[in-house]
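One structure is given here, and the rest of the page talks about it.
The values are calculated or read from the model by the stated rules, or taken from the named source; none is laboratory data. Since the structure is predicted, the reported quantities are computational estimates derived from the model, not experimental observations. FYI the Cβ positions are ideal-geometry reconstructions off the backbone, even for glycines, and counts take in every protein chain you see.
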Amino acid sequence: MITRDELVDYLDGYLESERGVDYCPNGLQVEGRPEIKKIAAGVSLSANLIERARALGADSLLVHHGLLWNGLVPRVRGSFKLRLAPLLAHDMNLLAYHLPLDRHLEVGTAATVARLLGWSEIEPFGSHHGVPTGVRAEVGGASPRELAAALERHLGRRPLMFEGRGLSIQRAAIVTGDAFGEFQRAVDEGLDLFVTGEPKERAMDLAREEGVHFIAAGHYHTEAPGVRALAQHIAERFPVEVEFIDLPNPV
């Protein structure tokens, strides 16, 4: 068992939750009980995730996509009510870390995928209001199709690949989730491959014309490894049970 405040203080510092600008408040989004015995971790908050967490006996939730988003002035109805009501009724804590988890070089969503693929010399890549959003790394000469196959093995989803030029990939970048906007940065930096979660319609032609391979490996599937890594980190550091709930999304 640990206290809520101890966990929140640690994660806020470890993930640098106050650094940069995000689309949501990071850290504790819904305050629940002051002591935590079991944490359920997942990628995106949903009524289904909360129900599954309750069935496992969890008193707290740790997610990448939380309940609260900037600019949203919700009415407490519909899906917002379906998610908020059980959290309050069961006194559950909700912790959410978005871009701080994406960019973290130890347990981050992008860095974790890069390590799964065996890439080396992992360093920050991308910029959201001046703060990195993903990672860049050395690949070692794999072909685009070999990398697509490796992503499928490790992430459990067949990726969508648009080929550029060249059969040997030396340098690549990963920005998980919905990060097509960083593709041009990969082009400008002379990288051979850009990996993200979701594509845009123009990705196919731009990959061919710019000569940079583009792989969309799924929003959920590129971000789940980072949430798993953070959950494992917490379990190893604190005397608390942490369980990841896998609810794949085909997007």
Note on region 180-198: residues assigned to a loop (DSSP other than H, G, I, E, B) and surrounded by 20 or more Cβ atoms within 10 Å (Cβ to Cβ) are Leu191, Asp192, Gly197
Just name the residue that is nearest to Met204 (Cα to Cα) out of those in region 157-168 that are surrounded by 14 or more Cβ atoms within 10 Å (Cβ to Cβ) and under 24 Å from the mean Cα position of the chain (by Cα).
Phe162
If I ask for residues that are closer than 18 Å to Gly226 by Cα and either modelled with pLDDT under 95 or in contact with a Lys or Arg (Cβ under 7 Å, 6 or more places away or on another chain) (or both), which ones from region 157-199 would you list?
Ala173
Right, Leu49: assigned to a helix (DSSP H, G or I), without any contact (Cβ under 8 Å) to a residue 40 or more places away in the chain, of a type in the set (A, V, I, L, M, F, W, C) and farther than 14 Å from Ile234 by Cα or not?
no
May I ask you to verify whether Gly32 is surrounded by 15 or more Cβ atoms within 10 Å (Cβ to Cβ) and assigned to a loop (DSSP other than H, G, I, E, B)?
yes
What pairs can you find where one residue is in region 134-146 and more than 12 Å from Leu117 (Cα to Cα), the other is of a type in the set (S, T, N, Q), and their Cβ atoms are less than 6 Å apart, with a gap of 6+ or different chains?
Gly141/Ser168
Condition broken by Glu123, with the remaining ones in (1) at pLDDT 95 or above; (2) in contact with a strand residue (DSSP E or B) (Cβ under 9 Å, 6 or more places away or on another chain); (3) surrounded by fewer than 24 Cβ atoms within 10 Å (Cβ to Cβ); (4) farther than 29 Å from Asp12 by Cα satisfied:
(4)
Is region 103-113 home to any residue that is more than 18 Å from Leu15 (Cα to Cα) and touching a Gly at 6+ places or on another chain (Cβ under 6 Å)?
no
Checking Met204 against (1) farther than 18 Å from Ala114 by Cβ; (2) not in a helix (DSSP H, G or I), which test does it fail?
(2)
Among Leu94, Leu151, which is surrounded by 21 or more Cβ atoms within 10 Å (Cβ to Cβ) and in the same structural domain as Leu28 (by TED's automatic domain parsing)?
Leu94
